Each structure stands twice: as C-alpha cells, then as structure tokens.
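*Asks:* Got a structure for you, questions after.
The values are calculated or read from the model by the stated rules, or taken from the named source; none is laboratory data. These figures come from a predicted structure and were not determined experimentally. Glycine also receives a Cβ, built like all others from the backbone with ideal geometry; neighbour counts cover every protein chain displayed. In case anyone asks, the SASA skips ligands and DNA or RNA and just uses the protein heavy atoms, side chains included. Shrake-Rupley method; radii C 1.70, N 1.55, O 1.52, S 1.80 Å.
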Amino acid sequence: MRILIEIAYLISSVLFIFGIKNLSSPKTARKGNFLSALGMFIAIVVTLLDQHVLTYEWIIIGFVIGALIGSVMALKVPMTGMPQMVGLLNGFGGGASMLVAFSEYYKVVNFAMFTHDTQTNITLVLSILIGGVTFTGSLIAFGKLQGIVTGKVVRYPMQHPLNALLLLLVIAGGVYFVMEPELEWLVLGIGGVSLLLGVLLVLPIGGADMPVAISLLNSYSGLAASATGFVLQNNELIIAGALVGASGIILTNIMCKGMNRSLMNVVLGGWESAGAAGPAAAGESPKGQVKSVDAEELAMIFDAAESIIIVPGYGMAVAQAQHAVRDLFNLLESKGKKVRFAIHPVAGRMPGHMNVLLAEANIPYDKMLAMEEINDDFPNTDIALIIGANDVVNPAARHDKNSPIYGMPILNVDYAKTVVINKRSLNVGYAGIDNELFFYPNTLMYFGDAKEAITKLTHELKNY
C-alpha cells in the first residue's frame, strides 16, 4: 500500500511540473491549471486513503467549509481584486503550515514521544517560522492592496536592528529547542515572534512594491509547506512545497530585474531614495509644456493611424476599463489597423496582472506581447496609447542618474511617432518623481477616468 501511495505522489508531482510549465504561456495556461489541479486532486485522494487517517468527520467538515468559501471568492472577487486574493491565499498556506507544525508538536507532547531527531526538530522550527511570517506578512500585503492598511512606506524607530534582533532570537530559540524539545513555552515563543516578524517585515514595504512582495510571500508559503513535509515525512508535500518555493523565487527575481531593484532593497522596505533627488524633489518639473487633447481630436488622430500599441497600467485596473479597451481594440481592428498590447513585467499590482485583465476581456493572447518582444517596434508605430501606466514608461530611467528609477527597463513608448497618455492627472507614480514623457513634443495628454475616456474615444471613432 505504501508503494502505491508513493507512486501516486510521484505522478501528481509530475503533473505539478507540467502544470507550472504550461502556466508560462497564456495560450497553455488553462491546460496548466487543469494539470496542476488534477495533480492536487490525486494527492489529496491518496492521502485520505492513507492508513494514518483515523476519522473523516472533521476532514469532510473542513472540505465543505473550504469549498463554500472558495466558491464564493471565485464568483464574487473581480479580476481587479486578484492581487489581494492571491496575497490572502498565500497567507492561508503559511498559516496552515504553521498550524500543522504545532499539531505535530502537541501530538508528541500528549503522547510523551519526545525525540532528539535533529532533522525533524529543525524542520518543525522552520515550518513555524516561515509559516508565521508568511501568514501575517500576507495579511498586511492584502491590507495594503485592499486599502485597509496604508500603501505608503511605513518606517519606525530602529526598524532594521529590531527585525534583525527578533530574527536572531528565533534562531537562538530554534537551536535551543533542537536540543531541548520538551520546552513548550519556547515553541510558543518562536511562533509569536514569527507572527510579529511578518508584520514588521511587510509593513515598511510600499504598496507599489507589492508585486515583488507577493511573489516573495508566495515563495515563503511553498518553503513553509516543504518544511512541514519533512515534519510529516510526506514526500508529496516536500516536492510540491519546493516547486512553489523555487518558482516563487524565480518570479521574484524577474520582478526585481523589471524594477531595477535588489531583493534586499524591497525586503528592507521602500524606495530608499524615492523623491529624494532629481527635479521632483526640488519642486521643479521637467522642461516643456503639456499638450492635452479631447476625444474628438484624438479620434481623428487614431483614424489616420495604421499601427497602434496599447500599454495598460494600474490605472486601467483601478477604473476596470479592460472591457472598454476591448471595444476600442475591436473597432480599430475592424478598420484594418494593426493593434497590439505591450506588457511591462511590473505593470499593475502582481505578476501577470495586466494579462489577466485583458484575457478576461477576451483580448487574443497573441496580441499581448512582453516588453522584450515589442520594445524594438515602437519606432515603427504611429500611436503608443498608455492607459494608467507611469514609471514603466518614464524615459528618465535611461539617462537621469539622480532618478530612483535609473536603470529600470522601460517600454520605449517615446520612440513612437505619437504618444497618447490617458491619466486622471499629472500626479507622480510610485517612485515619487515626475514623468518627463508628459512634456515631450510628441506626447498628448488625454485626461480622465480610463473607462470613461476610452469609451468616449471609441464612440467618437465610430463616426469616422
């Protein structure tokens, strides 16, 4: 029976790997989702058939409650709320790992089965530490994205020394626990400090850094699950957790490169130099004059254009304008124009945020191109339409060494013949600096809420 269980675990692990592979492309994402779900289904069924399960009553109750909550979330949470939900689910994963570790410890306490097995005790501490940090950290990330907690960088006295001290206390406590596992108060202390660390580590991170924070917390949840797998001696949990942890770290690294940030800078909290240097800090604006345009004038420009690249940003998500953008896209294509979407890796509030929104509006996958795929095409483009994006199209990243975004890869929208920027105002982005693109001679500002503005443009364009 044990051999059959391990074989089933191996099959589900292979399905996880192929599922993740298919998730790397929008065209195969649904297939990847199905394969991963099938792998998890097999793992759950096999685990429930394991001889260690004595009663199914609480399992069934938990299954029903979880299924109801998941169904409501799937039906009620809008696509614009996906970053918050992902952050929350990361936290649930970390919290579950922490609770399982405590459960295993108290099973040992109740049956006086204390062991000095170093590997088990170390992984139990790691499961509590990483799970606790992931749980409370993800709740703070959820709060920042939902607007419950301030999205600004929050600093407090002795921030970094305090975090370092707490981490050292957990490590020291963990070492002592490995030697003396009978000390119940020590385990509870490690859990409490871990929960506090999650709050203190994520609270200083600004809302604009949440894409990186969520990716990192996703990795933490996987590492916590993998550590719990060692505690339970469950190979499937070890493999699945390791896959989540590794893929999360890879994604976090990609996001950091997309923002020209070091992971340590994000973890330590906030843009250290945001708004502290350059024209914005001095209260000055880049030289030039802003030229605005209304829907009727813009419709004439679009009617004369042949090639158009649309750059979606967080402003599109906030206004829930993806369906209005879809209508504009369909109209332009019906007029024989070449229309594509340029996706920056850190656009929005989570990895793939813009892709998810556009896919929800039934924009064809082959029209969504990553930055490296489309950046060289901007010089041959008649119009670059930017909807709610800011720092990811700021040319200062290329040449202004005093700018906090200097060196960050950006979309080369300024190379297009005409740049149209749809924003509510000239407000700065997350880096706290003015966007010099607003003042370029080939730039037109189209002010207004993204949904209303794009709808008006589509209506006017129908007259041509």
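*Asks:* When only residues in segment 419-432 that are open to solvent by 10 Å² or more (accessible area, probe 1.4 Å) and over 19 Å from Ile205 (Cβ atoms) count, which is modelled with the highest pLDDT?
*Replies:* Lys423
*Asks:* With the condition kept exactly as written, say whether any residue in segment 400-408 is closer than 20 Å to Leu328 by Cα, touching a residue at least 12 places away in the same chain (Cβ under 8 Å) and either open to solvent by less than 30 Å² (accessible area, probe 1.4 Å) or in contact with a helix residue (DSSP H, G or I) (Cβ under 7 Å, 6 or more places away or on another chain) (or both).
*Replies:* There is no residue in segment 400-408 that is closer than 20 Å to Leu328 by Cα, touching a residue at least 12 places away in the same chain (Cβ under 8 Å) and either open to solvent by less than 30 Å² (accessible area, probe 1.4 Å) or in contact with a helix residue (DSSP H, G or I) (Cβ under 7 Å, 6 or more places away or on another chain) (or both).
*Asks:* Check segment 438-461 and report whether any residue there is buried (at least 24 other Cβ atoms within 10 Å of the Cβ), part of a helix (DSSP H, G or I) and more than 28 Å from the chain's Cα centre (by Cα).
*Replies:* Checked against the condition, which is being buried (at least 24 other Cβ atoms within 10 Å of the Cβ), part of a helix (DSSP H, G or I) and more than 28 Å from the chain's Cα centre (by Cα), segment 438-461 yields at least one hit.
Condition check ((1) open to solvent by less than 20 Å² (accessible area, probe 1.4 Å); (2) in a helix (DSSP H, G or I)) across all residues:
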| position | (1), (2) |
| --- | --- |
| His323 | no, yes |
| Arg340 | no, no |
| Gly348 | yes, no |
| Val356 | no, yes |
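Listed here are the residues, each with its yes/no results for (1) closer than 18 Å to Ser103 by Cβ; (2) at pLDDT below 85; (3) surrounded by 12 or more Cβ atoms within 10 Å (Cβ to Cβ); (4) of a type outside the set (Ser, Thr, Tyr).
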position: Gly147; (1), (2), (3), (4): no, yes, no, yes
position: Met158; (1), (2), (3), (4): no, yes, no, yes
position: Pro161; (1), (2), (3), (4): no, no, no, yes
position: Tyr176; (1), (2), (3), (4): no, no, yes, no
position: Leu186; (1), (2), (3), (4): yes, no, yes, yes
position: Leu195; (1), (2), (3), (4): yes, no, yes, yes
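*Asks:* I need every pair where a residue in segment 195-206 that is within 16 Å of Leu169 (Cα to Cα) has its Cβ under 6 Å from the Cβ of a residue that is surrounded by fewer than 21 Cβ atoms within 10 Å (Cβ to Cβ), sequence separation at least 6 or different chains.
*Replies:* Final answer for the pair search is Leu197/Leu166; Leu200/Asn163.
*Asks:* I've got another one for you. Out of Phe142, Phe135, report the one residue that is within 30 Å of Gly388 (Cα to Cα) and in contact (Cβ under 8 Å) with a residue 12 or more places away in the chain.
*Replies:* Phe142
*Asks:* Taking Asn375 and the conditions (1) surrounded by fewer than 23 Cβ atoms within 10 Å (Cβ to Cβ); (2) touching a residue at least 12 places away in the same chain (Cβ under 8 Å); (3) in a helix (DSSP H, G or I); (4) out of contact with any Leu (no Cβ under 7 Å at 6 or more places or on another chain), which numbered condition does it fall short on, given that it satisfies the others?
*Replies:* So Asn375 meets the others, but not (4).
*Asks:* Which of the residues that make up segment 146-204 are closer than 18 Å to Ser127 by Cβ and among the β-branched types (Val, Ile, Thr)?
*Replies:* Matches in segment 146-204: Val170, Ile171, Val175, Val178, Val187, Ile190, Val193.
*Asks:* Looking at Ala389, is it in contact (Cβ under 8 Å) with a residue 24 or more places away in the chain, in contact with a strand residue (DSSP E or B) (Cβ under 7 Å, 6 or more places away or on another chain) and in a loop (DSSP other than H, G, I, E, B)?
*Replies:* Answer is yes for this residue.
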